[in-house]
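**Student:** A single structure is presented below for examination.
Rule-based calculations on the coordinates, nothing more; no lab input. Quantities reported herein were computed from a predicted structural model and do not represent experimental measurements. Glycine also receives a Cβ, built like all others from the backbone with ideal geometry; neighbour counts cover every protein chain displayed.
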Amino acid sequence: MSLGIAHILRRAGTWEGAVAATVVLDYEGRFLRRKRLECGGGASVTVDLPHTVSVEQGDAFETEDGAFIDVRAAPEPLLRITGDLVRLAWHIGNRHTPCQVADDHLLIRADHVLADMLAHLGAEVEATQAPFRPEGGAYGHGRTHGHSHGPGEHAHGHDHGHDHGHDP
């Protein structure tokens, strides 16, 4: 059953009303502009927003007929990191890796290369499953985007002349 088309995203705390359906999306799935989404109970909605947005838990898509589709963050494979959090967060950020920050731990998406690097730096790293809600980009909005550091090139297709200070 199609719930129609949603052209509006309402941020958490700015909408109220009956929820027509709930959609559960992982971190990657919550970054979208136009996409057909499968909701619980066999319903679907087509999202068609004016531009690409980062959608967070508690936001809602509003359909053309005024129905609300509640957004929930799906549990996904993560790494829970403890240790010298300031130092570890610096190394994670230096790799442009999205990171969720808590008082006593960090969370990143599961990645065996980063897990090995962090363990080598003295971190305790444990696999876990949880919704992933990393810090936004600069100035408190947007997303950080990871990119690889292959020999002499960046995966996002341009050279931007800054030193990442990676360990050799």
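**Student:** Using only Cα positions of the stretch 20-78, each an equal point scatterer, no hydration layer, compute I(q)/I(0) via Debye at q = 0.30 Å⁻¹ and quote the log10 values to two decimals.
**Tutor:** -1.53
**Student:** How big is D, in µm² s⁻¹, for the stretch 48-102 by Stokes-Einstein at 37 °C and 0.692 mPa s if Rh is the Kirkwood radius over C-alpha pairs?
**Tutor:** My calculation gives 226 µm²/s for D.
**Student:** Quick check: Cα centre of the stretch 1-73 to Cα centre of the stretch 75-99, how many Å?
**Tutor:** Cα centres, the stretch 1-73 to the stretch 75-99: 29 Å.
**Student:** Tell me, what is the FRET efficiency for VAL86 and GLN129 to the nearest 0.05, using R0 = 41 angstrom and their Cβ-Cβ distance as r?
**Tutor:** Calculated value: 0.95.
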